[in-house]
Amino acid sequence: MTMRRLALRLLSVATTLSACVVASPGTAPAAPAVLTTTATAPAGAPVALTGAQLAASWTGPLSTRGRYVVDAAGDRFKLRSGNWAGAQGTWQGSGDTADPANNQAGQVSYNLPLGLDRAALPEIMAGFHSLGLNSIRLPFADAMIRDTTVVPDVAVAANPQLRGSTPLQVYDAVVAALTADGFAVVLNNHTTSYRFCCGLDGNERWNSGQSTQQWEEDWLFMANRYRANKRVVGADLRNEVRRDTWDDPNWGMGDSHDEYAAFEEAGNRILQASPDLLIIMEGINWQGIPLAGLYHGRPMLKPVATLSHTLIDSGKLVYAAHFYGYTGSANTGAGSGPGSTADPRYQDLTPEQLAAVVDEEALFVTRAGQHFTAPVWISEFGAGGRGSTDPKEQAWFDRFTAILAARDADFAIWPLVGWHNDGAPQDSWALLHYDRAGRRLSIEDPGDWRAQNWNRLIAAPSYTGQVPRQPRWNLLDLDHTDQNVSRRMLALPDWSSGNRKGNCPDGQRLIGLGRSDSRGLCTDAGQPATGPGGWVTVTDERYVTDGDWAPGYNKLQCPAGHLVVGYGVHGNAMAALLCAPAAGPLPATGRVLWFDRGDNRPPASTGADSAASDWAPGYYKGQCAAGEYLAGVAMTWRWMHGGVPDALLCRPLA
């Protein structure tokens, strides 16, 4: 978490203007123009599966097909999840770490998943089953990995088998128990230190309080540690990336604050170590200084529309976003004082406005056939329950859960576990509360207004069964450096020394290029199998043997029977092509597609071919059709063209 403690963090740490800048705690249908969110008849409590039943209902590992997560059999696995917080720390930054007064909601987690002092693991998991969950987002702090302190006995009083363990060993035991009981577990790097998120707390970025290299090494440690457990299904790279006191995170600027680049590099390193994991990426949670007249806002996943990630396995990418009613697209969530602005909160929006904003900031990514198409996991949302009487918050929660249900979205509510005293929750946002005697108070017990909305969400109709394979479209970005997402080429020497290079993922081919910006587009639509023999680097016209298809222009062309799978540029000028052999013959006739004076792409009305999305904004783009392969590129240094691509040689696949 989370954005809901943002106001307190702002008031406590923002003593200067700069210090007040914090951030918040099949075929996909197009977004509805208007989404009706009127509450339906109350739904009953979720059907609770036993651990054995849940385990039998799916097989790991998980991957993606279009907008859906699927299991090893290709069946849809909808992430119906909750956050079991605590291992990221509950200490709020001052005073004795073991003093309840210094911990979130007076709950001391001892840097362990919350509740192990009050209820046995089987009892806690039975509570998760009762909520209808199939997966758990399990936050951790980087500090946990190197923490050799033995947890105090009081921290695991209800689980004496864990006495004498370190926090990491307790985390191990929790992961083992959850997965043995059928749950899918997503590892979530929530914080660097054991300090409760979120604000100006030293945990703002992946490299806050540590280097990017250390963060990546920590992820490799975690990925390797659980590699053999196929029910550990995902690596959620970092929680709520946001501005620190002085600097904003960015998306694609190529510097040390570039979340886009850091997440892609980390994701690919994780997949090389543990190929089964989903790689889960949030967008930017906050940028700017929250002051009238200055830029500030919550970009979320909006930058993905023009700069999406490409992994060495494009069937492993999931995007994520967080929504809380008291925050907004440009509202930090602060109630007053530093950081408070007049910008609308999500709970101020009409149902139609809220549906449009949620689509714009997150769910648009689920649209089929685009370079960004991927599942979107709303991995945090929530509201105060028992004892809370805020009508705006209640209306927002009703509307938001209705949007999740109508869009068949994957979700994870925050948080699952909290404490109660004689039926009074210490943290009313939790769905399950335990007292000192281990007695459980659930959202399903009388008195929690959220139950109707939660039960409706859990029971909402969803796509089930086999998910057909769909063509993938992936962007290559050479704006600042190489983008080599081919496992084959990563294992080989540099094929175009001195140039920036883009290589499509194995099993895909290059199908489009941007003019003057060095971006490319890959696909596996109709992809022929790769044939035997070496891949060929082309730097001249030696393979232009079947006629001059672009008179007066320099040309790079693959040998017969080969298709383009990579390219190299020097500056923005074309320098080389990487050509892979096809297993069977390829037609040698085709067409020349010019894009030196404007875009030349499949019509956007098709809704596929990534034609309805812009993968090189501000630049002309040339793109062969889905049933074609790219065989060559023409360019010239005349007329101040600078050697950038002007035309593509497109040939039919069959």
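The values are calculated or read from the model by the stated rules, or taken from the named source; none is laboratory data. In this text the structure is predicted, and so the values were computed from the model without any measurement. As a convention, Cβ positions derive from the backbone with ideal geometry for all residues, glycine included, and neighbour counts pool all protein chains shown. Remember, those area values only see protein heavy atoms, side chains included, never the ligands or the DNA or RNA. Shrake-Rupley method; radii C 1.70, N 1.55, O 1.52, S 1.80 Å.
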Among the residues of segment 300-311, write down those that are over 13 Å from GLN370 (Cβ atoms) and open to solvent by 10 Å² or more (accessible area, probe 1.4 Å). LYS302, PRO303
Inside segment 287-299, can you point out the residues that are modelled with pLDDT under 95 and either crowded, with 22+ Cβ neighbours inside 10 Å or basic (Lys, Arg) (or both)? PRO290
Of all residues in segment 248-274 being part of a helix (DSSP H, G or I) and polar (S, T, N, Q), the one that is surrounded by the fewest Cβ atoms within 10 Å (Cβ to Cβ): GLN272
Inside segment 411-479, counting only strands (runs of 3 or more DSSP E) that do not spill past its ends, which hold 1 or more residues that are among the basic types (Lys, Arg), within 24 Å of SER135 (Cβ to Cβ) and open to solvent by 10 Å² or more (accessible area, probe 1.4 Å)? 440-442
Which members of segment 342-382 meet the condition of being in contact with a helix residue (DSSP H, G or I) (Cβ under 9 Å, 6 or more places away or on another chain), farther than 27 Å from LEU311 by Cα and of a type in the set (Gly, Ala, Ser)? ALA355, GLY382
In the set VAL536, VAL592, VAL544, the lone residue that is in contact with a Pro (Cβ under 9 Å, 6 or more places away or on another chain) and among the β-branched types (Val, Ile, Thr) is VAL536
Number of the exception - ALA31 against (1) within 30 Å of ARG367 (Cβ to Cβ); (2) at pLDDT below 95; (3) aliphatic (A, V, I, L, M); (4) not in a loop (DSSP other than H, G, I, E, B): (4)
Out of all the residues in segment 152-188, which are outside any helix (DSSP H, G or I), under 26 Å from the mean Cα position of the chain (by Cα) and not hydrophobic (A, V, I, L, M, F, W, C)? ASP181, GLY182, ASN188
Cβ-Cβ under 8 Å pairs, at least 6 apart or on other chains, segment 447-476 side under 21 Å from VAL365 (Cβ atoms), far side open to solvent by 40 Å² or more (accessible area, probe 1.4 Å): ALA460/ALA406; VAL467/ASP75; GLN470/THR27; PRO471/ASP524; PRO471/GLY526; ARG472/ASP524
List the residue pairs whose Cβ atoms are under 7 Å apart, where the first residue sits in segment 610-635 and is under 26 Å from ARG542 (Cα atoms), the second is assigned to a loop (DSSP other than H, G, I, E, B) and of a type in the set (Ser, Thr, Tyr), and the two are 6 or more positions apart or on different chains. ALA634/TYR553; MET635/TYR553
Residues within segment 570-600 that are closer than 15 Å to LEU648 by Cβ, touching a Lys or Arg at 6+ places or on another chain (Cβ under 9 Å) and buried (at least 23 other Cβ atoms within 10 Å of the Cβ), tallied: 0
Residues being closer than 25 Å to LEU138 by Cα and assigned to a loop (DSSP other than H, G, I, E, B): count how many of those fall in segment 383-406. 4
Find the strands (runs of 3 or more DSSP E) located wholly in segment 553-654 whose residues include 2 or more that are under 21 Å from SER308 (Cβ atoms), and list them. 562-570, 621-623
